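Asks: Quick one: the structure is below, and I'll ask about it shortly.
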Amino acid sequence: MALVCSRPASLLLIAALLSAATFLAVPAAATGKTGQVAVFWGRNKNEGSLREACDTGTYTIAIISFLDVFGRGNYHLDLSGHDVSAVGADIKHCQSKNILVFLSIGGFGNQYSLPTAQSAADVANYLWNAYMLGTRKGVYRPFGDAFVDGIDFFIENGAPANYDELAKRLWNFNKDFRGRTPVQLTATLRCGYPDRHVERALATGLVGRIFVRFYDDADCAANWQRQWDKWTAAYPSAQIYLGLPASEQKVGYVHPKNLYYSVIQVAQKAANYGGVMVWERYEDKRTNYSSYAIQWA
């Protein structure tokens, strides 16, 4: 029942998971294949451009990462050495292919926080005007007139306070638009349920996609099915994605030969199965992992 990185152990997954699937409590209506594959971009300069990623034909969502400093009046975008001035045109190119583009905030550092409700309001206004459809004068737009389709919460550190306020403030910008949702919200979480950092943000019901990271955690990799059931049951109105690593060196790696039978078939029994999230573009470019995921997701 584990998501494992070693190939010998992964060969044992099929029989174990198919046997365990018989006893899984799942919603009556299964989603089945959605064809949705998300990828994180911006973690390695050698991964190639965002345009190149979107031209592979294997992604339906691209997540730019990270806005790694925010919350106290300071903001910083870390794209691992990529030329930021070129990203705006790439965003437009991806969107022309019907690929959603999100900006992920947070990351693995500790230079972000939302100490007060006012700080959440300030960050929401900044995101709207710097990266979305806002037009406030004097706000620098790193991607020019290009805009992202939404914001991803990748909150690893700091106090959990006020991310619910940030979600509500961001969502409130949608009220002025009819027939479209310029601010979509997603969250990328560790697989252990619940996630204390954004639990209150998820409780707002405004987060439409949840990317659960079933990697970098040996216990979760060994008990992924139990955690999957918890996430899908807790947020039935959100689409839940299987977050898997493209690198065979990470805990939680599933060999492509076993991906369908040992993981995806089980996950797709959930009514709110959303698809697969691949971490991350550099390793995926090396291993071509998403080419397998797109076949079965």
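The values are calculated or read from the model by the stated rules, or taken from the named source; none is laboratory data. Predicted, not measured: the structure shown is a model, and the values here were computed from it. Heads up, the Cβs are rebuilt from the backbone with ideal geometry, glycines too, and the neighbour counts pull from every protein chain shown. The accessibility values were calculated without ligands, DNA or RNA, using every heavy atom of the protein model including side chains. Shrake-Rupley method; radii C 1.70, N 1.55, O 1.52, S 1.80 Å.
Asks: ³J(HN,Hα) across segment 149-154 via Karplus (A = 6.51, B = -1.76, C = 1.60, θ = phi - 60°), whole Hz, x for Gly/Pro?
Replies: Taking θ as phi minus 60°, the curve returns 7, x, 10, 9, 8, 10 Hz for segment 149-154.
Asks: Compute the orientation-averaged projected area for segment 152-289 from the convex hull of its Cα atoms and round it to one decimal in nm².
Replies: 9.1 nm²
Asks: Still on this structure, please answer the following. Rounded to whole Hz and in sequence order, give me ³J(HN,Hα) for segment 71-87 from the Karplus expression 6.51 cos²θ - 1.76 cosθ + 1.60, θ = phi - 60°, writing x for Gly and Pro.
Replies: For segment 71-87, the Karplus-derived couplings read x, 10, x, 10, 9, 8, 9, 10, 10, 6, x, 5, 6, 4, 5, 8, 6 Hz, x marking Gly and Pro.
Asks: Regarding segment 119-200, what are the three Cα extents along the principal axes, ordered largest first, in Å?
Replies: That gives 39, 29, 19 Å along the principal axes, largest extent first.
Asks: So, one more: Run the reach check for Lys285 against lysines, Cα to Cα strictly under 25 Å, same-chain hits fewer than 8 apart removed. What comes back?
Replies: Lys33, Lys45, Lys92, Lys97, Lys250, Lys257
Asks: So with the 1.4 Å probe, I'd like the accessible area per residue for the chain, rounded to whole Å².
Replies: Heavy-atom SASA per residue in the chain reads 42 Å².
Asks: Taking H as built 1.01 Å from N, whose amide H comes closer than 5 Å to the amide H of Gly274, not counting residues under 5 places away?
Replies: Close amide H contacts, sequence-distant or interchain: Ile240, Tyr241, Leu242.
Asks: Taking the Cα centre of the chain as the origin, how large is its charge dipole in debye, to the nearest 20, when only Lys and Arg (+1) and Asp and Glu (-1) carry charge on their Cβ atoms?
Replies: 500 debye
Asks: For segment 45-60, what does the Karplus curve 6.51 cos²θ - 1.76 cosθ + 1.60, with θ = phi - 60°, yield as ³J(HN,Hα) per residue in whole Hz, taken in order and with x for Gly and Pro?
Replies: 3J(HN,Hα) across segment 45-60, in whole Hz: 4, 7, 7, x, 6, 4, 4, 4, 4, 5, 7, 5, x, 10, 10, 10.
Asks: Just the number, please: carbon plus sulfur as a percent of the accessible area of the chain, 1.4 Å probe, no ligands or DNA/RNA counted.
Replies: 50 percent
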